[in-house]
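Undergrad: Encoded as structure tokens, here's the structure I'll be asking about.
The values are calculated or read from the model by the stated rules, or taken from the named source; none is laboratory data. Note that the structure is predicted; figures quoted are calculated from it, not measured. When the accessible area is computed, the model is the full protein with side chains, heavy atoms only, and any ligands, DNA or RNA have been set aside. Shrake-Rupley method; radii C 1.70, N 1.55, O 1.52, S 1.80 Å.
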Amino acid sequence: MVVAALLFFLGWLIGRSFSVIVITVTSSVVMFAAMTIFMSVYGLDLLHMLIMLGYLTAHQAGYLLGAYLHGYPESDRGR
């Protein structure tokens, strides 16, 4: 839970400051790190895959909240 909260906060900070490219790279790093740790310590099973998906969801939800609250510029096409 603490790791997910930290990832949410990190995603929120990224959402307030950076673009989508940065969240893509950091999500890849989070996934690679979680998979490496889980595979080396516990082995690969469904529970740890779901935990990794929860970490990614927290990270990306924080990004979406940060981008929304910061007022991420939208495209003006079609207006």
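Undergrad: HN-Hα J couplings of region 15-24 from phi, Karplus 6.51/-1.76/1.60, θ = phi - 60°, integer Hz, Gly and Pro as x?
TA: Result, ordered by residue: x, 7, 10, 10, 9, 5, 4, 5, 5, 5 Hz.
Undergrad: Could you sort M31, M52, M39, M1 by their accessible area in this structure, using a 1.4 Å probe and putting the largest first?
TA: The residues order as M1, M39, M31, M52, largest area first.
Undergrad: Follow-up question, since we're still on this one. Which value, in nm² and rounded to one decimal, describes the direction-averaged projected area of the C-alpha convex hull of region 1-48?
TA: Numbers: hull surface 14.7 nm².
Hull-based average projected area comes out at 3.7 nm².
Undergrad: Same structure again: Which value, in Å² rounded to 10, gives the accessible area of L50 with a 1.4 Å probe and all protein chains present?
TA: 100
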